[in-house]
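The values are calculated or read from the model by the stated rules, or taken from the named source; none is laboratory data. What you are looking at is a predicted structure, and each value in this text was computed from that prediction instead of being measured. Cβ sites come from the backbone with ideal geometry, for glycine too, and all protein chains shown count toward neighbours. For the accessible areas, the whole protein counts, side chains as well, though only heavy atoms, and no ligand, DNA or RNA atoms are used. Shrake-Rupley method; radii C 1.70, N 1.55, O 1.52, S 1.80 Å.
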Amino acid sequence: MGKGSGYGKVILFGEHFVVHGVPGIVSAIDSSTDAEVKKAAKGINVKDERKTAKGYSEEKRLQQLESIERMLKAMGIDPKIALDIWIGGTLPGFSGLGASAASSVAIARAIAQELGMKISDEKINQVAYEGEKAYAGNPSGIDNTAATYGGLMWFRKNMGGGQDLVERLAIESPVEIVIGSTGKVANTKAMVEGVDERKRKNPQKYNAIFKRAEELAYEGRAALEFYNLKKVGELMNENHRLLQEIEVSSKELDLLVDVAQKQGAIGAKLTGGGGGGCMVALTPGKELQDKVVSAFKTAGYDFLATKIGVGTQY
Ligand code: PMV
């Protein structure tokens, strides 16, 4: 049997903007998707045992099968191969946490191991990127990169089709966050296409927003590297407002952002594709993290309390 894992992630700065070549900052989180693969008698049989938002697995099933087919092709494997694939692990199937990319990385690694193929992380990342196309249409590559390598990263898509810019960032020590889930399954592909369409229709408005998003990424990077968490939080709040302006937030995401800020979170924004899915609150210290967790519990929302920047200290 072949085994593999992929990290979940939160985007701290720049989702959606990264698809268009603006830099973004992503942190892997302390939860991963695991996969086990075994050669089978017939077909591709997926047993998905992840904890998910209601309807997540059903909604994603067709994209998941397409994703596996794309990865087999990218790995040069006969598409008629029969495999039993199990997916589980600690990363919940909530939209926005890079769960699709984490599962693609986990599955690609497990298939490679089962078939005795020696594959570098770089190749796994490329294969998972091909898999991500089934879920995200025109993905930036930020999710599969975080899922493959983990850590905290600066990411800029190469719009010419060449190698993306990926730089590891280091911070003084990991910081507590709370991820709040709206419970709504979101379609990243549709959200990305929506932004693209509105951007083409309103170039002036969108160019100004994209310019500010780029500045925010640079300011966010400096604030993280100086460990000025208050500043990081302020910039995250501003990033959320930009995401509202490009119409990817939702009533529930805004509500969770508001609840977290009222409890003292120093920054809060949607994370990932939006339109449902998840938000992230920056809550340094266990006490503040617990406060936000109990407010989410009271409001009846699912959450994940974890840290960013694990394993990235100087
Ligand atoms: O919703 P997720 O976890 O798939 O994140 C999508 C991030 C986007 O920037 C919206 C798309 C992309 O490919 O970068």
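How many residues does region 124-143 contain that are more than 7 Å from the ligand (Cβ to nearest atom), within 13 Å of Lys189 (Cα to Cα) and among the hydroxyl-bearing types (Ser, Thr, Tyr)? Summing the residues that are more than 7 Å from the ligand (Cβ to nearest atom), within 13 Å of Lys189 (Cα to Cα) and among the hydroxyl-bearing types (Ser, Thr, Tyr) in region 124-143 gives 0.
One residue is enough: does region 281-293 have a residue meeting the conditions within 16 Å of the ligand (Cβ to nearest atom) and either touching a residue at least 12 places away in the same chain (Cβ under 8 Å) or assigned by TED's automatic domain parsing to the domain that holds Lys184 (or both)? Within region 281-293, not a single residue is within 16 Å of the ligand (Cβ to nearest atom) and either touching a residue at least 12 places away in the same chain (Cβ under 8 Å) or assigned by TED's automatic domain parsing to the domain that holds Lys184 (or both). Taken as a whole, region 23-33 holds at least one residue that is of a type outside the set (Asp, Glu), assigned to a loop (DSSP other than H, G, I, E, B) and modelled with pLDDT of 95 or more. Screening Ala281, Ala268, Ala260 for residues that are in contact with a helix residue (DSSP H, G or I) (Cβ under 9 Å, 6 or more places away or on another chain) and either surrounded by fewer than 17 Cβ atoms within 10 Å (Cβ to Cβ) or outside any strand (DSSP E or B) (or both) leaves exactly one candidate, Ala260. Scanning region 1-21 for residues that are buried (at least 22 other Cβ atoms within 10 Å of the Cβ) and more than 10 Å from the ligand (Cβ to nearest atom) turns up Gly4, Gly6, Tyr7, Leu12, Phe13.
Summed over region 199-211, residues that are buried (at least 16 other Cβ atoms within 10 Å of the Cβ) and either more than 21 Å from Asn138 (Cβ to Cβ) or charged (D, E, K, R) (or both) total 1. Selection of first residues in region 89-105 that are on the phi > 0 side of the Ramachandran plot and more than 9 Å from the ligand (Cβ to nearest atom) and of second residues that are open to solvent by 10 Å² or more (accessible area, probe 1.4 Å) and not polar (S, T, N, Q), restricted to Cβ pairs under 8 Å at least 6 apart or on distinct chains, gives the following pairs, ordered by first then second residue: Gly89/Asp34; Gly89/Arg50. Selection over region 294-314 of residues that are at negative phi, surrounded by 20 or more Cβ atoms within 10 Å (Cβ to Cβ) and not in a strand (DSSP E or B) gives a count of 3. Based on this model, can you work out whether Gln163 counts as of a type in the set (S, T, N, Q), at pLDDT below 95 and more than 16 Å from the ligand (Cβ to nearest atom)? When the stated conditions are applied, Gln163 passes them. Which one is surrounded by the most Cβ atoms within 10 Å (Cβ to Cβ) among residues in region 166-191 that are in a loop (DSSP other than H, G, I, E, B) and out of contact with any helix residue (DSSP H, G or I) (no Cβ under 7 Å at 6 or more places or on another chain)? My answer is Ala186.
When restricted to residues that are open to solvent by less than 40 Å² (accessible area, probe 1.4 Å), more than 12 Å from Ile107 (Cα to Cα) and out of contact with any Gly (no Cβ under 6 Å at 6 or more places or on another chain), region 32-74 contains 7. Can you say whether Ala108 is surrounded by 24 or more Cβ atoms within 10 Å (Cβ to Cβ), among the aliphatic types (A, V, I, L, M) and outside the structural domain of Gly276 (by TED's automatic domain parsing), as far as the supplied structure shows? Considered against the rule, which asks whether it is surrounded by 24 or more Cβ atoms within 10 Å (Cβ to Cβ), among the aliphatic types (A, V, I, L, M) and outside the structural domain of Gly276 (by TED's automatic domain parsing), Ala108 comes out as yes. Based on what the data block shows, is Tyr135 free of Cβ contacts under 8 Å to residues at least 60 places away in the same chain, open to solvent by 10 Å² or more (accessible area, probe 1.4 Å) and in a helix (DSSP H, G or I)? The answer is no for Tyr135.
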